[in-house]
Each structure stands twice: as C-alpha cells, then as structure tokens.
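Enquirer: Take this structure, written in structure tokens, and hold onto it; I'll ask about it next.
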Amino acid sequence: MFDIRLSEEQREFRDLARKFAQEEVKPKAMALDREPDWEKRIPWDLLKKGSQLGFRTFVLQEENGGSGMSDHLTSCLVAEELAAGELGTAYYFMLTARRARDWFELRMTPEQKAYFIPRFTGDDLYFTTVAIHESETDFGFDYYTETPDHVRLNTRAVEQPDGSWIINGTKCYQTVGYLAKLIVVRAQTPAGLQSFLVEGDSPGLRRRPLSKLGRRVGDNAAEIHFENVRVPKGRIMPPSPKGRTDMGTHPTIASLTLGLGRAALEETLKYTQERVSGGKPIIRHQAVGITIAEMAMNLEASRRLIWTAAWVKDHPEAIADGSVANMPYEHMALAFTGTAVQRLTEQAIELFGGAGVIQGMPIEKYVRDAHVQKHVSFPFPSRFKITEQLAGFKRKVPPYHGGD
C-alpha cells in the first residue's frame, strides 16, 4: 500500500540533512556563488563534513560502509533538504550517492568491489561522475530516444596485448566532472559500447570546467579529454541486469529541483511579510496572496509526484500485479517539477520587484539556478516519453550520422 507517512529512520535522516543544509551550507551559498574563480567556488569543507555525516555513502549497505538506506524515497528526502541549502553543493552528494548503490554493489565484479569500495568509503572527497555525452554525435542523453544499438561513439577504447585498454576521445557536460575521482566512461569497442571504470588521476586525462548561468557553486559541466588514457585489465563494469527498475537518478534530480523551489518559496514568504506597501505587508494584498498560494500548490504537487515515482521504483511489483497503473511517473515528476520551479522562481522575483534583480539577493540566484534545472529536467523529451507510453507508439529512431 502506498503510504505517505515516513518511517522513523527516514525522518531522522531527513532532519540530519536539514540541519546540515540550513546551518552549514546555506550561510555560505551566496558568497560562494559570487566568486569569480571557479576553483574558489568548490565548498571543500562542506563536502568533507557532509561526507562524514554520510550524505555521500548512505545508500550502501552497512557492510560496505553505508547506512543501508538504499530506497529511492530516502534519497529524494535527502536531496530536497540539501538543495534547499544550496543546489550545486547538493549535486555533489546526491549524484555520487545515487550511483553508488548501482555501481559499487549491484554491477561491479568482486575484484572491482575489492579495489574501489575501500577507496570510495575511505576518502571523504571521493566523488564520481559518468562520461557519456559527446557533442559531436549528440547521443548519450535520452533527449528524444534511448541510445539506439547502431550508435558508434567517437570515444574509442582499444584493447592492448596485456588486456588493458587505451581510450581516446572527448566527453562534455559531465556534472561533477572536474574533480571526480572515479569516472564511468562509455566508449566504443569492436564488441560494442562498454562502460570503463577510469580513475580521475589517470595520465592523459584532462578536464576543462564550463561556467554556467546558475548552479555555480562547485558543480559544473566539465569537458573531459582522453588522450591515450590507459585503463587496466578488468576495469569494464558489467551491464545493468535486464528488467532493473531501481537505476537512474530522475527522481533524485527532480527532488534537487524541488529543494531549490522550496528555498525560493521560503525566501519569498519572508520578504512579502516584511515588505510594506499601502499600509500593510504585501502578502496581505490579494494578488500577492493568490500568487504565493499557487507557488505552494505547485510545489506540493511536485513533491507528491516525486514521492510516487520514488515509491514505484522501490516497489515494481505494484505495477507488475496491476495494483498501480503503469505510468511513466519519473518522467512526469522530472518534467513537472522542472517547469513548476522555474515558474515559481519567476513569480517570486516579480514579488520582490526591483530588489529581486539586485546581485546578492537570494531570489536572483534561485532564478538562475532554476533555469539550469529546467534544462537538466528535459521537459519536452520527457513529455514525449510520457505520450509514447500513454499512446503505445514508438518513435522512429533518427538516422545516425556520427562516427564511422
């Protein structure tokens, strides 16, 4: 049965994330956002302290150094709280944490686990990223279709006589790509696409951070260049098991966006109760009150859709036995939340008036962050996926024009 009541463990972990985000992360957010030097925007002290509190490793089982909280709903709770403190900082923790269960426990070989898990759990600054997307081929993200079987990526891996591999190519738009210590690289081999476990300090691996409009605190969309990068034998990660439903980070990303929206709403409530116009706080003006009510309703609708998506991913049997409709909940959550929060921040900056566009005002940062989140939420492709599932048709895979 779907139940929106949280367990005691979930509430405790949510409250821990809230305390850390509000007391440690949020007070430093605005100053970090305004730093012109990208390197100085990395919140090293917060990343280390948050890791020590478990926000990077909590999805792992206890025997592997985690908390055993591997369900998607708990990840969504933590993501919302951390992002309400500061979005970019939250990305470091949540993308690394959500992948950790999939990579370290469910897919890696025993030999790979023995090598990588101690490094991951023993280093508070061990973050991860996945290098898939190539600007030349435009494949790697599911904009309009899943990556089709006939794709040939330009990033190539060539096996050597000793069983190692040499990788050459370029990847782009890799979130947390600039300082990740483990990179899962999708590369072309004669046997097809493979996922290589590449360590961040590998010779020949170069990175270039890309500065964005928003979500500037540490997180970035780095370009990663591979020039004869050697990967030892045995570093190809096995593919995901067929029929898996607990992969992916869509509900987590939607929750990060939700946390941003919540922070914007809270800041707006505070301002509209303090700002006086016409002899009373502006929140008492009917038009302002109606706007805030709409913001709150859309935020709560986003939360319920996200929680439903997370619950369904944790309970695939509910769809299998027909007790829950087979709907693309995670794409619905991603598209709806991205659109709702962008709209919310635009409504908020209108209520702030001239003060809202001044640098140093939190709402100005939230608007920029929301524009970035609208992009990563892929609202239009997600809606195509929703339509595809509802109508039962398949889109034609476009001809491939990249590679050879």
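The values are calculated or read from the model by the stated rules, or taken from the named source; none is laboratory data. Note that the structure is predicted; figures quoted are calculated from it, not measured. Ideal geometry is used to build each Cβ from the backbone, glycine not excepted, and the neighbour counts take in all protein chains shown. The accessibility values were calculated without ligands, DNA or RNA, using every heavy atom of the protein model including side chains. Shrake-Rupley method; radii C 1.70, N 1.55, O 1.52, S 1.80 Å.
Enquirer: Quick test of your reading of the structure: Thr249 fulfils all but one of (1) farther than 25 Å from Ala97 by Cα; (2) hydroxyl-bearing (Ser, Thr, Tyr); (3) at pLDDT below 95. Name the failing condition by number.
Expert: Thr249 satisfies all of (1) farther than 25 Å from Ala97 by Cα; (2) hydroxyl-bearing (Ser, Thr, Tyr); (3) at pLDDT below 95 except (1).
Enquirer: Checking Glu86 against (1) open to solvent by 30 Å² or more (accessible area, probe 1.4 Å); (2) more than 17 Å from Pro251 (Cβ to Cβ), only one condition comes out false. Which one?
Expert: (1)
Enquirer: Just wondering, is there one or more residues in segment 365-372 that are open to solvent by 70 Å² or more (accessible area, probe 1.4 Å), under 19 Å from the mean Cα position of the chain (by Cα), modelled with pLDDT of 90 or more and not aromatic (Phe, Trp, Tyr)?
Expert: yes
Conditions (1) loosely packed, with under 13 Cβ neighbours inside 10 Å; (2) polar (S, T, N, Q), marked per residue:
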{"residue": "Thr268", "(1), (2)": "no, yes"}
{"residue": "Tyr271", "(1), (2)": "no, no"}
{"residue": "Lys280", "(1), (2)": "yes, no"}
{"residue": "Gln286", "(1), (2)": "yes, yes"}
{"residue": "Thr291", "(1), (2)": "no, yes"}
{"residue": "Ala296", "(1), (2)": "no, no"}
{"residue": "Leu299", "(1), (2)": "no, no"}
{"residue": "Arg304", "(1), (2)": "yes, no"}
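Enquirer: Separate question: Among all residue pairs at least 6 apart or on different chains, which show Cβ distances below 7 Å where the first residue, located in segment 122-138, is of a type in the set (Phe, Trp, Tyr) and the second is modelled with pLDDT of 85 or more and exposed (fewer than 14 other Cβ atoms within 10 Å of the Cβ)?
Expert: Matching pairs, first to second residue: Tyr126/Arg119.
Enquirer: Scan segment 177-197 for residues that are among the aliphatic types (A, V, I, L, M), in a strand (DSSP E or B) and without any contact (Cβ under 8 Å) to a residue 60 or more places away in the chain and jot them down.
Expert: Those that are among the aliphatic types (A, V, I, L, M), in a strand (DSSP E or B) and without any contact (Cβ under 8 Å) to a residue 60 or more places away in the chain: Ile183, Val185, Ala187, Leu193.
Enquirer: Quick one: is Val185 at pLDDT 90 or above, among the β-branched types (Val, Ile, Thr) and surrounded by 19 or more Cβ atoms within 10 Å (Cβ to Cβ)?
Expert: yes
Enquirer: Now for a different question. If I go through segment 55-80 residue by residue, how many of them are part of a loop (DSSP other than H, G, I, E, B) and open to solvent by less than 10 Å² (accessible area, probe 1.4 Å)?
Expert: 5
Enquirer: Quick check, is Gly338 under 19 Å from His375 (Cβ atoms) and open to solvent by less than 10 Å² (accessible area, probe 1.4 Å)?
Expert: Taking the combined requirement at face value, the residue satisfies it.
Enquirer: Can I ask one more? Scan segment 71-114 residue by residue and report those that are over 18 Å from Phe127 (Cα atoms) and hydroxyl-bearing (Ser, Thr, Tyr).
Expert: Thr74, Thr109
Enquirer: Only one residue in Gly259, Gly214 is touching a helix residue (DSSP H, G or I) at 6+ places or on another chain (Cβ under 9 Å), open to solvent by less than 20 Å² (accessible area, probe 1.4 Å) and modelled with pLDDT of 95 or more. Which one? Full working, then the answer.
Expert: Details: Gly214 fails: modelled with pLDDT of 95 or more.
Unique residue meeting the criteria: Gly259.
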